[in-house]
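Below is one structure; the comments refer to it alone.
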């Protein structure tokens with residue numbers, strides 16, 4: 001007879017992952033389809049990662065921004081999360097997205113104890129509104145500063161300078177530039193799954209950031225696979 | 001899914017070296033999991049299933065390959081390690097084969113989630129198996145370098161363990177692979193980057209693992225942890241590196257567990273006797289800085305858990321295991337039981353200067369280490385030389401059967417009788433036993 005009747009499970013900290021997706025017109029077609037597919041593909045490995053981690057309770061949430069910004073899904077624990085495809089319309093109001101994100105990171109909303117949230121910003125263009133103002137609001141929040149902020153540039157038209165300003169550590173982890181669908185999937189998975197693992201269970205390194213990120217996904221040819229056939233954006 | 005190797009691929013090996021007969025081909029059957037260094041697959045090699053670890057391109061390095069070769073050549077220190085068996089190469093890349101982990105072994109961190117629980121005897125088995133395995137690794141001059149939840153698996157039925165991810169193991173003082181460990185398990189000097197992981201930091205990590213297995217809380221996660229809003233690397237470096245304070249530090253009490261947040265710590269701390277407390281206090285106070293003298297060796301842990309195991313008694317009312325303590329009003333801890341417990345029959349064994357008190361339960365065994373020598377090897381020391389038996393005629397009559405090869409002599413009321421191998425002496429009050437190498441006395 002074991003000790004199952006006394007004590008409880010250890011206290012967990014919340015680990016929140018946010019996907020901020022550009023849904024402007026230029027994302028139409030393969031780009032948005034790839035993002036939809038990639039986020040869906042993250043769910044199972046994120047559930048596995050959450051299951052292996054007794055110290056964190058994982059939540060995910062998606063935001064879309066085009067004409068203004070809005071939450072596309074509620075904050076949901078990863079085990080209950082279901083995906084709804086994003087569709088496109090209008091401009092690229094990234095500034096509005098960052099302002100909406102900032103509101104989510106208030107001390108009240110983040111609770112007493114959490115792990116650094118992970119915010120993944122994906123865009124294929126440049127902001128059509130007040131980007132700097134939005135960024136300022138985000139970084140004014142203490143949790144905004146603490147957040148692991150990763151940017152993914154979709155295709156060559158994305159404004160890298162703008163996205164770099166969003167990144168927590170642009171020198172060590174500049175925006176990831178995805179030129180192909182397969183790269184975009186790999187980057188979204190890395191930023192979501194591998195980064196969330198290291199946020200909650202990091203292995204020490206030499207970085208000066210508040211979270212040591214894992215090495216970027218590398219271009220690797222799968223042993224035994226046919227040639228890579230996917231399109232270039 | 002994007003994996004390093006496509007499922008169904010046959011790897012025609014360009015080179016292979018190790019303890020297995022030379023496999024010509026390895027068929028990749030399914031994906032098992034991915035980690036920081038590479039991926040693990042279930043594979044088929046000459047008719048038998050194995051696990052294959054294949055490295056990411058960035059880890060396909062000569063140092064790692066040479067280390068693997070050396071480990072394969074050295075061989076596994078004990079059966080509890082899923083040790084690399086065969087280095088395999090294909091298309092200029094490499095990986096290694098090892099045995100598959102059996103289903104009965106569960107991820108150790110599931111203990112913290114309370115998905116399974118251990119009893120005192122199972123806690124002792126787990127701790128003894130862990131200490132014995134790392135002792136055997138260390139006496140080969142090696143260090144593990146990354147003891148943490150992810151690498152340890154437990155069979156909740158019998159307390160057996162499996163140690164995985166053995167490819168980072170390196171000679172003490174060598175850190176060719178460049179691993180530092182996992183936050184929460186690393187010794188302070190490793191967190192602060194003053195030292196690379198070695199045997200001394202392994203001993204610290206082992207103590208952290210044992211602490212969590214017993215008390216279901218982290219030894220440094222007290223009030224200070226609870227008061228930190230953002231648990232990032234800065235916070236971890238402070239609590240585990242520059243300013244670690246043990247939650248049960250007898251002098252510095254500022255980091256006690258917080259009520260409502262870290263309740264397990266106090267509940268389970270109170271379930272264990274003083275001698276166990278002292279082991280942890282030693283490592284987590286003196287051992288924070290004093291690497292050489294403050295960290296318990298595996299032999300010390302083995303002795304501590306053997307003593308704990310000897311003090312387990314069974315509550316006659318509910319069957320729960322309870323730790324017997326001398327000079328205390330004993331009560332069962334079971335929520336619906338709380339029975340007052342009379343002191344159980346014990347055997348006092350003197351071996352040289354060492355005196356042990358062994359609680360006698362229906363399943364108690366007398367072990368080699370108790371009767372002959374201070375055998376540090378847990379497996380060898382645990383060979384039974386005696387066992388409790390019930391008289392076939394009278395179930396109320398208990399005795400101890402001699403499983404050794406030598407006769408014992410038992411004295412009671414000035415009369416001495418011999419107990420030859422295979423026979424049992426009856427546990428009558430006042431009986432004294434001469435085990436030849438040790439003496440025993442029944443306490444009722």
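Here, each number is a calculation from the coordinates, and none is a lab measurement. In this text the structure is predicted, and so the values were computed from the model without any measurement. Here the Cβ positions follow ideal geometry from the backbone for every residue, glycine too, while neighbour counts run over all protein chains shown.
A few notes on this one:
- Helix A:30-51 vs. chain A, principal-axis angle (Cα, 0 to 90°, nearest 10): 10 degrees
- Using R0 = 41 Å, the C-beta based FRET efficiency linking residue B:409 and residue B:323 works out to 0.80.
- Label point at residue A:157 placed 7 Å out along Cα→Cβ; residues across the stretch A:27-57 whose backbone nitrogen lies under 13 Å: A:27-32
- For the stretch A:40-142, the Cα-based Rg and Dmax, in that order, read 14.8, 42 Å.
- Förster-model FRET efficiency, 45 Å R0, residue B:443 and residue B:139, C-beta, rounded to 0.05: 0.80
- Annotation: extensible slack from residue B:238 through residue B:48 equals 63.6 nm (criterion: 0.36 nm per residue apart, minus Cα-Cα distance).
- Distance between the pseudo-spin-label points of residue A:36 and residue B:275 (7 Å out from Cα toward the beta carbon): 6.7 nm.
- At q = 0.08 Å⁻¹, base-10 log of I(q)/I(0) for chain B (Debye sum, equal scatterers on each alpha carbon): -0.56
- Near-label residues of the stretch B:158-199 by backbone N, under 19 Å of a point 7 Å along Cα→Cβ of residue B:115: B:158-165
- At 0.692 mPa s and 37 °C, Stokes diffusion of the stretch B:139-211 via Kirkwood alpha-carbon radius, µm² per second: 261 µm²/s
- Legend: calculated FRET efficiency, residue B:353 to residue B:74, from the Cβ-Cβ distance at R0 = 25 Å, rounded to 0.05, equals 0.10.
- Alpha carbon centroid spacing (whole Å) that separates the stretch B:365-409 from the stretch B:110-146: 25 Å
- The ellipsoid equivalent to the alpha-carbon distribution of chain A has semi-axes of 28, 22, 17 angstrom, derived from the gyration tensor eigenvalues as √(5λ) and listed largest first.
- Distant alpha-carbon pairs in the stretch B:374-432 (separation over 17 angstrom), percent: 47 percent
- Where Rh is the Kirkwood radius over Cα pairs, Rg/Rh for the stretch B:10-98: 0.92
- Label-point separation in nm, residue B:297 to residue A:44, each point 7 Å along Cα→Cβ: 5.0 nm
- Across the stretch A:37-199, the relative contact order, built from alpha-carbon pairs under 8 Å that are at least six residues apart, equals 22 percent.
- One Cα centroid belongs to the stretch B:1-55, the other to the stretch B:207-272; the line between them spans 41 Å.
- From helices alone, chain A scores -9000 deg cm²/dmol at 222 nm; the rule is -39500 (n - 2.57) for each run of n ≥ 4 DSSP H residues, then divide by the residue total.
- Rg/Rh for the stretch B:282-428, where both radii come from Cα atoms and Rh is the Kirkwood radius: 1.03
- Mean-square fluctuations from a GNM of chain A, with a 10 angstrom spring cutoff on Cα atoms, peak among A:50, A:102, A:28 at A:28.
- Rg followed by Dmax, in Å, when the protein assembly as shown is reduced to its Cα trace: 29.1, 103
- Fewest-first sequence of B:96, B:234 by Cβ atoms within 10 Å of each Cβ: B:234, B:96
- Relative contact order %, chain B, counting alpha carbon pairs below 8 Å whose residues are six or more apart: 9 percent
- Averaged over B:29-42, number of beta-carbon atoms from partner chains that fall within 10 Å: 1
- Note on the stretch B:338-413: semi-axes of the ellipsoid equivalent to its C-alpha gyration tensor, largest first and rounded to whole Å, are 23, 17, 14.
- Over all orientations, the stretch A:101-233 has a Cα convex hull whose mean projected area works out to 9.5 square nanometres.
- The shape of the stretch B:98-168 comes out prolate: with a ≥ b ≥ c from the C-alpha gyration tensor, a/c is at least 1.5 and a/b beats b/c.
- Other protein chain Cβ atoms within 10 Å, averaged over every residue that makes up B:220-232: 5
- Treating each Cα of the stretch B:106-302 as one equal point scatterer and applying the Debye formula with no solvent, the log10 of I(q)/I(0) at q = 0.12 Å⁻¹ comes out as -0.56.
- Prolate/oblate/rounded label for the stretch B:309-355 (Cα gyration tensor, a/c 1.5): prolate
- 10 Å Cβ neighbours from other chains, averaged over peptide A:113-124: 2
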